[in-house]
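Only one structure is covered here, and it is reproduced in the block below.
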Amino acid sequence: MSQAPTADFSRNLWTHTAEPPPETPQLVGNASADCVIVGGGFTGLSTALHLAEKGAAVIVLEAEAPGFGASGRNNGQVIPAFSRHNPDDIVALFGEERGEQMNAWVGDSASLVFDLIRKHGIRCEAAQNGWLQPAHRASRMVGVRAKQSQWAKRGKPARLLDGAETEAMTGSPYYRHGGWIHEEGGHIHPLGYSRGLARAALAAGAAIHGKSPATSLDRAEGKWRVQTPRGSVSADTVVLATNGYTGSLWPRLRQSIVPFRTFHAATAPMSDNIAGSVLPGNHGLSDTRQELWAFRKDQGNRLITTAAPISPFGASAKIARTTKARLEEAFPQIGEIDIAHVWEGWIAMTPELLPRLHELAGGVFAGLGYSGRGIAMATAMGASLAERVMGAPASAVAPPPSPIRTLPMHDIVAPLSRALIGYYRWKDGKG
Ligand SMILES: Cc1cc2nc3c(=O)[nH]c(=O)nc-3n(C[C@H](O)[C@H](O)[C@H](O)COP(=O)(O)OP(=O)(O)OC[C@H]3O[C@@H](n4cnc5c(N)ncnc54)[C@H](O)[C@@H]3O)c2cc1C
């Protein structure tokens, strides 16, 4: 079956505006390292950077090129908050000590991203000007107040916004009920950030091989050995960082998550005049819908937004149509505009909508399951995985290690998960 046009990486707006990629030659021959990392997205590259900075010999194997997965295709919103849970929920789930450790881990994750960008001079249109979450209905202000107050109680710069302020900051009459802003959040050019992380990891001494899919993982002569089409790496430790692109390398890992295909759209450039009235402070926003409405501008005055058709067939035309209707509702001042790019990517959902750090066997780690919120969290996961690989006790690192939980009837349940979009849409429409 031929692949959908939206799967073509060059459909992705970011490939047209990113900094050029670093050299990442294919692995040819047999190599050895302290740690081999499978997957060159934020999780794998952040792990590589943090490990190399600690002096470990690291090799990253990426099936295509750094940022080829969700990391180079997303909306670029750097969000230091869980998607569903509030900090008090996390304490209820994990207990006081572990719960607050998790809250601090996520709460500090956006600043980790922007600190890395500053430290390594990564050119990725970074703006740490706050992340906005407006209520899409008046009734959703109850949840907004809970989120904002619980993060503020933990010392985070989380501020409640009234209706007028929200309308002014979004430039949208649709967002007139109020909302909150987390001042440490912001947005980035995701493919630029991926490539910049790769450059920083290379400069710190890591090796990164593109076009080098890991095809098998086994034990040989007291080490882990990862095979690729033209070479192999043997190492003491392995980090699996494949998230929504997880294949059969460790079959139970794929069966533990729901890979979810998501779509994105970008408009043609808006005029300076119109662009100045849409998100005038250059904020990114994700509103309170479960179906996820997110908007941000890039430096070329394009508006970039999420799109989630229930059926992915004929997605390009359907998404262009529904995106125009959505823009008409949220930003009517834009008027008629072309949808210039439609593309897709895969995220990894977990049923509890929380990320997971696994120790799959002695020396084999995995970090995944950000459920669509992985820019800040995957970067923080990389730092945590590096700690664990270097021998830090599990109790000192968030998230707590969790056992693999495979989903019953995974092959049937996972494809049916798209039907949830219809349910979310119905719930989002209720008071
Ligand atoms: C359209 C879209 C919009 C999003 N918007 C946002 C947002 O605004 N904010 C936010 O926080 N999050 C967002 N996300 C989620 C975020 O992008 C992801 O959570 C994050 O990028 C995950 O990073 P990762 O490194 O774990 O996985 P990925 O970036 O998906 O990387 C996995 C990599 O593994 C490689 N791979 C797989 N198998 C193998 C193998 N056998 N051998 C070698 N390599 C392999 C793949 O090629 C891929 O490059 C969005 C995601 C999508 C798809």
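The values are calculated or read from the model by the stated rules, or taken from the named source; none is laboratory data. These figures come from a predicted structure and were not determined experimentally. All Cβ positions, even for glycine, are placed from backbone atoms using ideal geometry, and neighbour counts span all protein chains on display. With ligands, DNA and RNA removed, areas are computed over all heavy atoms of the protein, side chains included. Shrake-Rupley method; radii C 1.70, N 1.55, O 1.52, S 1.80 Å.
With the condition kept exactly as written, say whether any residue in the range 92-105 is under 25 Å from Glu291 (Cβ atoms) and open to solvent by 30 Å² or more (accessible area, probe 1.4 Å). There is at least one residue in the range 92-105 that is under 25 Å from Glu291 (Cβ atoms) and open to solvent by 30 Å² or more (accessible area, probe 1.4 Å).
The one condition from (1) more than 25 Å from Thr15 (Cβ to Cβ); (2) within 13 Å of the ligand (Cβ to nearest atom) that Ile79 does not meet is (1).
Evaluating Ile90 against the criteria (1) assigned to a helix (DSSP H, G or I); (2) under 17 Å from Arg199 (Cβ atoms) leaves one unmet condition, (2).
Among residues of the range 273-294 that are away from the ligand (no atom under 15 Å from the Cβ), those with a beta-carbon under 7 Å from a residue that is among the β-branched types (Val, Ile, Thr) at least six positions away or on a different chain give the pairs Ile274/Ile334; Val278/Ile334; Thr288/Val144. Within the range 38-66, residues that are more than 18 Å from Met377 (Cβ to Cβ) have Cβ atoms under 7 Å from residues that are of a type in the set (Phe, Trp, Tyr) and open to solvent by 30 Å² or more (accessible area, probe 1.4 Å) in these pairs: Glu62/Phe68, counting only partners at least 6 apart in sequence or on another chain. Picking from residues in the range 236-261 that are within 8 Å of the ligand (Cβ to nearest atom) and of a type in the set (A, V, I, L, M), the one that is nearest to Ala386 (Cα to Cα) is Ala241. Please indicate, with yes or no, whether at least one residue in the range 242-249 is of a type in the set (Phe, Trp, Tyr) and open to solvent by 30 Å² or more (accessible area, probe 1.4 Å). Yes, that holds for at least one residue. Just one of the listed residues (Arg118, Arg145, Arg123, Arg154) is surrounded by fewer than 21 Cβ atoms within 10 Å (Cβ to Cβ) and touching a strand residue (DSSP E or B) at 6+ places or on another chain (Cβ under 9 Å), namely Arg145. Within the range 150-199, the set of residues being at negative phi, small (Gly, Ala, Ser) and in a loop (DSSP other than H, G, I, E, B) comprises Ser172, Gly185.
Within the range 338-382, the set of residues being part of a strand (DSSP E or B), within 15 Å of the ligand (Cβ to nearest atom) and over 30 Å from Arg326 (Cβ atoms) comprises Arg356, Leu357, His358, Leu360, Val364, Phe365, Ala366, Gly367.
Could you please give the count of residues in the range 250-284 that are under 17 Å from the mean Cα position of the chain (by Cα) and open to solvent by less than 40 Å² (accessible area, probe 1.4 Å)?
8
When only residues in the range 383-400 that are in a loop (DSSP other than H, G, I, E, B) and open to solvent by 30 Å² or more (accessible area, probe 1.4 Å) count, which is nearest to Glu53 (Cα to Cα)? Steps first, please.
Our first condition is that a residue be in a loop (DSSP other than H, G, I, E, B); within the range 383-400, this holds for 390-393, 397-400.
After this cut, where a residue has to be open to solvent by 30 Å² or more (accessible area, probe 1.4 Å) as well, the list is 390-391, 393.
Details: Met390: 11, Gly391: 15, Pro393: 19 Å.
The qualifying residue nearest to Glu53 (Cα to Cα) is Met390.
Only residues that are more than 9 Å from the ligand (Cβ to nearest atom) and open to solvent by 10 Å² or more (accessible area, probe 1.4 Å) were counted across the range 34-51, and they come to 2.
Within the range 262-272, the set of residues being of a type outside the set (Val, Ile, Thr) and within 8 Å of the ligand (Cβ to nearest atom) comprises Phe263, His264.
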